[in-house]
Amino acid sequence: MTAEQIRETVLRVLGSVAPEAELQSIDPRLSLRDQLDIDSVDFLNFVIGIHAELGIDIPEVDLPKLATLESCVSYLLSKSEVERVKR
Amino acid sequence: MPSLGADMEAGTLAEWRVRPGDGVKRGDIVAVVDTEKAAIEVEIFEDGIVQAILVREGEKVPVGTVLAMIRNEGQPEQPIPPQEVKAEKVAPSAPRPTAAARVPQAPMAALRGLRVSPLARRRAEELGVQLTAVTGTGEGGAITKEDVDRAAATAARPVQAAPPAEERQAGLRRVIAAAMARSKREIPHYYLGTDIDMSQAMAWLAAENLKRPVTERLLYSALLLRTVALAAREVQEMNGFWVDGSFKPGPAIHVGVAISLRQGGLVAPAIHDVDKKSLDELMRDMLDLVKRARAGVLRSSELSDPTITVTSLGEQGVQTVFGVIYPPQVALVGFGRITERPWAAAGVVGARPVISASLSADHRVSDGHRGGLFLAAIGRLLQEPEKL
């Protein structure tokens, strides 16, 4: 999976969690929670959505790595590489 | 025709959502009824098959009139008895419209937003006017035929129509305004607050979440909802409605969850039977409810029947909430942010995670002493999270 595919998936899941958010205006280096004003329930819905779409397990300790769009993409990319190698 | 309020004598059947021969399940919306105040979705409270529809769309009938006949599956068709008999059997008249069709109560009507007279509704249909865009000037902001005519005249000019999102927004704002104004006008609130040591709860939660896959994580809000429900079971005057000059205890404990919408406004749909659900079930319900609230697809029963409401503004950083009760409910519990604070226990001061809980309650129903017991129960239950 490419970084661009992961980025698209992340944005799509964000769109379902925060339908009224303007996803085009996200600054990839700033906190998603702050920019989109999402709360802990929304964030958990986001994590569950990512898991469902990409089949990637995200342990509790890694949650901070999902803070920004940029860190999300690089974390999920490295995780999907690991999963691929495992298979 | 169920009674949708003490002052209602008749209603107009606006729309049937079922036809003869259709199977129906308890909770299905079978019809929309127009009253002088609002359009209300009528839910069925029995399983069965629609045998006959007795009132046509557009017909106005008195409260207590049988609207349709339902028979049980496998049961042969019943002869349609004379109207008086049927009224007893299928839809008891007010104030007990529970047998065949029960109708959501006031808050739902409020949240559905618009008070529209049937005449105005018909006029709007004729003229193709969006009712959400009409400013009501009738009693309590109700939309009259004249308002619709005025809106149609304005719209006929080349003015760009407001986008639907803004219309919804304006409608929601009016609803909140009406409900909150009514609350502050009618409900003699009293307020109590207490600080609760959350160290047990947070430690238990952290340990529990380590054992769980991320998709089954528990959030502390689930613990708060559950403790409120269990405390409401102990102090029952917090759970229910003030209707027609007296307190009606809630039939179950349906906790309304205040969800602030990012585009503005808030909704407080119910999670049903919170006292009977496990934390896992509550988490699932809460995740689903918040997601649907954001997408604007809540069900009428969720909006109609919270028996007590919880608001946690803590995530925005406030320490204490002084809540406004959602009528006709009689209590609202507010939670602030969990912060680490100095806490003295057993002669030693230490730093502990602490949450401020507040209660706004209706003084017509309960007194401060009972409110205090209720808050104390919440604090006590949170000290034994493993039992929740």
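Each reported figure results from applying straightforward, stated rules to the coordinates on display, with no laboratory input. What you see is a predicted model; the values in this text were computed from it and never measured. With ideal geometry, Cβ positions are generated from the backbone for all residues, glycine too; neighbour counts draw on all protein chains shown.
Some values worked out for this structure:
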{"item": "3J(HN,Hα) from dihedral phi, region B:310-319, Karplus parametrisation 6.51/-1.76/1.60, rounded to Hz, x for glycine, proline", "result": "10, 10, 10, 8, x, 5, 7, x, 6, 8"}
{"item": "Estimated inter-spin distance, A:ARG87 and B:ALA178, nm [label 7 Å along Cα→Cβ]", "result": "5.4 nm"}
{"item": "Proximal aspartates and glutamates relative to A:LYS79, as straight alpha-carbon distance under 17 Å, when same-chain residues fewer than 8 apart are discounted", "result": "A:GLU4, A:GLU8, A:GLU53, A:ASP57, A:GLU60, A:ASP62, A:GLU70"}
{"item": "Amide H partners (placed H, <5 Å) of A:THR68, local residues excluded", "result": "A:LEU32"}
{"item": "For the protein assembly as shown, size of Cβ-based charge dipole, Lys and Arg +1, Asp and Glu -1, in debye", "result": "220 debye"}
{"item": "Separation of alpha-carbon centers, region A:1-70 and region B:259-326, rounded to whole Å", "result": "22 Å"}
{"item": "Peptide ranges B:232-243, A:55-66, B:324-335 listed from the most packed, as the mean C-beta count within 10 angstrom indicates", "result": "B:324-335, B:232-243, A:55-66"}
{"item": "J(HN,Hα) series, region B:277-289, from Karplus relation 6.51 cos²θ - 1.76 cosθ + 1.60, nearest Hz, glycine and proline x", "result": "9, 6, 4, 5, 5, 5, 4, 4, 4, 5, 4, 5, 5"}
{"item": "Filter on B:LYS60/B:LYS291; A:LYS86/B:LYS277; B:LYS211/B:LYS291; A:LYS65/A:LYS86 - keep pairs with C-alpha separation over 28 Å", "result": "B:LYS60/B:LYS291; A:LYS86/B:LYS277"}
{"item": "Options A:PRO64, B:ILE49, B:ALA68, ranked by Cα towards positive dipole end of the protein assembly as shown, top entry (Cβ charges)", "result": "A:PRO64"}
{"item": "Global form of region B:188-387, assessed from the alpha-carbon gyration tensor, a/c cut-off 1.5", "result": "oblate"}
{"item": "Global form of region A:38-78, assessed from the alpha-carbon gyration tensor, a/c cut-off 1.5", "result": "oblate"}
{"item": "Vicinal HN-Hα couplings computed from phi for region A:62-77 (Karplus, 6.51 cos²θ - 1.76 cosθ + 1.60; Hz; Gly/Pro x)", "result": "8, 3, x, 6, 9, 5, 10, 4, 4, 5, 4, 5, 5, 5, 5, 5"}
